[in-house]
Amino acid sequence: MAASSSCSSAAFLAALAVISLLASTSSASSRRSLSPSSAAAAAAATTNTEFIRTSCSATTYPKLCYNSLAVHATKIQTSAKLLATTALDVTLASAKSTSAAMLKLSRTHGLAPRQSAAMLDCVEELGDSVDQIRQSIDELAGARTSPAEFQMMISDVQTWVSAALTDETTCSDGFAGKEMAGEVKTAVRGRIEKIAHLTSNALALINAYAALHN
């Protein structure tokens, strides 16, 4: 009787061992079947971010360039055109939000007349910058069927983005001088300089995109 019970226990344990082994094998097989796609996705993500890092290394402000664009790596992939367009998108968003904030700040009580006037001038200049950047984005999105059309488009975009950069620099210069010292000057110039740096980077990426078609 004891021998029979011992045999039954041994058989039961053996069955459990087989079931456990099958489950483990199945699980491992499932992980292996998912591994190639996961590895491919990881490789693609790495390739995309490295493309952005390498491209940004040729700009004047590479750290700002990479930090502002890496979050869009999935969209950009390894497209020089999408990289340039996304850089303009990021610049446009920053310029619009800063312009709105400055317009609100210009109406704040307690500002010196010189500060208020500089604010309003800057809002106007940023408005021009926003229009030029938006126009550049629209132009880049259009289809070009010939090299001549592409060169004309790129020339227009380079002109508009350069003009936007000039407007932003003029805005920042309006806060120069001792009479503009203080927290307002520091806050405003900091935001304007960031927009100018983003615009400079976008222009560099546009130039790199243009160079691929020369």
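What follows is calculated from the coordinates using simple rules that are stated; it is not laboratory data. No experiment lies behind these values; they were computed from the predicted model shown. No Cβ is skipped: glycine too gets one built from the backbone with ideal geometry, and neighbour counts run over all protein chains shown.
Give me the one-decimal nm value for the distance between modelled label points at S146 and A176, 7 Å along each residue's Cα-to-Cβ direction.
4.5
How large is the Kirkwood hydrodynamic radius of segment 144-214, in angstrom, based on all distinct alpha carbon pairs?
13.8
So which lysines can K104 reach, going by Cα to Cα under 20 Å and dropping same-chain residues fewer than 8 places off?
Excluding near neighbours in sequence, the set is K96, K185, K194.
Taking the Cβ-Cβ separation of K63 and L212 as r and a Förster radius of 30 Å, what is the calculated FRET efficiency to the nearest 0.05?
Result of the calculation: an efficiency of 0.80.
Gain in length, Q77 to A93, computed as 0.36 nm per residue apart minus the alpha-carbon separation, to one decimal in nm?
Value of the extension gain: 3.7 nm.
Excluding L126 itself, calculate the net charge of residues whose Cβ lies under 15 Å from the Cβ of L126, where each Lys or Arg counts +1 and each Asp or Glu counts -1.
Summing Lys and Arg as +1 and Asp and Glu as -1 gives -3.
Can you check what the net charge comes to around S162, using other residues whose Cβ is under 12 Å from the Cβ of S162 (Lys, Arg +1; Asp, Glu -1)?
Net charge around S162: -3.
Aspartates and glutamates near K75 by alpha-carbon distance under 15 Å, same-chain residues fewer than 8 away left out - which ones?
Candidates past the 8-residue exclusion: E50, D89.
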